Amino acid sequence: MGEGSSAQPQWHLSREGKQYGPFSTPELFRMAELGQLQVDDLLWKPGYEAWKPVSAVPGILTPPVPQPAPAHNNSAGTALPIEAEGFSAAPGQAPALSNTTLATPKRRFDAFQHLWRGQLPLGEAFWLFGIVGSLVSVLTAATIAAGIAAIFNYVGLVSGAIFFVLVLPFLGALIYQAFVFVGIWRAASGRGFWGILARTYIVFAVSLFVLKLGSLVYVLTNE
């Protein structure tokens with residue numbers, strides 16, 4: 001199979017010690033578009049001497065993500081990159097993989113990393129993190145602020161400082177919203193109509209917030 005036979009299945013994918021495929025190049029791009037590829041997935045096709053991280057294969061992920069720094073072998077048994085293991089690929093056959101090389105990475109914050117890089121599906125980034133996440137963050141901030149106000153009222157401490165304390169939870173919600181907007185904006189890249197619609201929503205939401213903030217400042221400064 002040559003480089004020109006892009007429609008023929010030739011790509012092999014490895015994830016957490018299991019291999020899948022083969023897939024054609026259009027199928028692989030479709031998987032990337034739907035967010036079904038992960039940054040630490042490994043790819044191989046005839047002509048490759050070793051497995052490569054999906055982030056190291058040009059054009060698969062959009063936008064491209066930085067490659068992780070190579071790990072170094074030590075007494076604790078840190079896994080080496082695939083290229084350093086010395087596997088050689090027979091024609092038309094994917095090289096073998098060792099269990100130590102495919103140790104499952106920690107995924108605790110992967111969802112937020114993928115969101116920030118724009119690698120999540122647009123629908124997931126918009127509805128789950130944008131709409132649902134924003135509502136949860138605002139409700140959480142309001143609950144915390146109400147609790148703080150109740151404590152201040154209970155101890156009989158009322159001063160101008162309470163205003164700044166109550167603002168802090170909402171500031172956290174605002175930072176979260178800005179983080180999500182960046183992720184949605186990046187995920188909308190190359191998504192056609194839905195991408196344009198998502199970016200229009202962001203521009204509208206930011207403009208509305210700035211307008212309300214300006215009105216509040218105007219009222220406070222002209223009392």
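The values are calculated or read from the model by the stated rules, or taken from the named source; none is laboratory data. Please read these numbers as outputs of a predicted model, since none were measured by experiment. Heads up, the Cβs are rebuilt from the backbone with ideal geometry, glycines too, and the neighbour counts pull from every protein chain shown. Please note that ligands, DNA and RNA were not included when accessible areas were found on the heavy atoms of the full protein model with its side chains. Shrake-Rupley method; radii C 1.70, N 1.55, O 1.52, S 1.80 Å.
Numbers for the structure displayed
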read-out: Extreme residue, surrounded by the most Cβ atoms within 10 Å (Cβ to Cβ), among residues of the stretch 47-68 that are at pLDDT below 70 and over 16 Å from residue 25 (Cα atoms); value: 65
read-out: Residue check, residue 82 farther than 30 Å from residue 191 by Cβ, at pLDDT 60 or above and surrounded by 14 or more Cβ atoms within 10 Å (Cβ to Cβ); value: no
read-out: Residue tally, condition small (Gly, Ala, Ser) and within 18 Å of the chain's Cα centre (by Cα), over the stretch 35-51; value: 1
read-out: In the stretch 133-186, the residues that are aromatic (Phe, Trp, Tyr) and exposed (fewer than 12 other Cβ atoms within 10 Å of the Cβ); value: 154, 163, 164
read-out: Any chance residue 130 is within 30 Å of residue 30 (Cα to Cα), at pLDDT below 90 and either touching a Ser or Thr at 6+ places or on another chain (Cβ under 6 Å) or open to solvent by less than 50 Å² (accessible area, probe 1.4 Å) (or both); value: no
read-out: Neighbours by Cβ (under 8 Å, 6+ apart or cross-chain): first from the stretch 169-189, charged (D, E, K, R); second crowded, with 18+ Cβ neighbours inside 10 Å; value: 186/117; 186/118
read-out: Qualifying positions in the stretch 204-223 - at pLDDT 90 or above, loosely packed, with under 12 Cβ neighbours inside 10 Å and aliphatic (A, V, I, L, M); value: 208, 210, 211
